[in-house]
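The values are calculated or read from the model by the stated rules, or taken from the named source; none is laboratory data. Please read all numbers here as calculations on a predicted model, not as lab measurements. FYI the Cβ positions are ideal-geometry reconstructions off the backbone, even for glycines, and counts take in every protein chain you see.
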Amino acid sequence: MSAPEVPNSFPAADAAVDPAHSLRNHDLRAVVERAHDQLRQLTLHGQQIAHRIAIIKRTINGLALLYGEELPRSPERGATAERRRGFMNACRVVLTRADTCLSTQEIYAILKKEFPDLFRPPGNHYASLVTILSRLVKYGEANTFLRNRSRFWQGQQSVDQRSAGLSGTSDRR
């Protein structure tokens, strides 16, 4: 009586014996690589579109400030859109005025003090704030970083000496 045959559990050995298996793996790798390339391209394209949208929105907001009611109103603007834009613009104001990086809690406190009308409707305003700040980062209008396991936010134009040391590019002489 002979010993029972044990199946080989090493796929590499099977691939060397079965050239069709090797060809399937090669085809699968090629398909996955193409899919990853397409995903990278689409992600980059999406970021470029989001940045362009942010520029156009800032242009429209600037023109609205200059010309006021003379501009035609967009049909998509409802009370909620106005409130959301107001919240986002308030965040932009806070980040632009800050000469240093701010935590989410600090931004929330400033907004509640300076823009109390934004907090009148019920809702999770803190979660909305984090979402808006993340969008500002995505649009290239703000930066975010972690320090001591806390997230901080900073307007794109301002430079904070405390955070400059984090990247190792401090210009102190």
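Results, tabulated for the structure shown:
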quantity	calculated
Meets criteria (surrounded by 13 or more Cβ atoms within 10 Å (Cβ to Cβ) and under 30 Å from LEU44 (Cβ atoms)) for THR144	yes
Filter result for VAL6 (loosely packed, with under 11 Cβ neighbours inside 10 Å, at pLDDT 85 or above and farther than 30 Å from ARG135 by Cα)	no
Hits in region 103-146 (condition: touching a residue at least 40 places away in the same chain (Cβ under 8 Å) and farther than 23 Å from ALA50 by Cβ)	SER103
Failed criterion for GLU114 (all others in (1) under 30 Å from GLY46 (Cα atoms); (2) modelled with pLDDT under 90 hold)	(1)
For GLY86: the one exception among (1) modelled with pLDDT under 85; (2) under 18 Å from GLN156 (Cβ atoms)	(2)
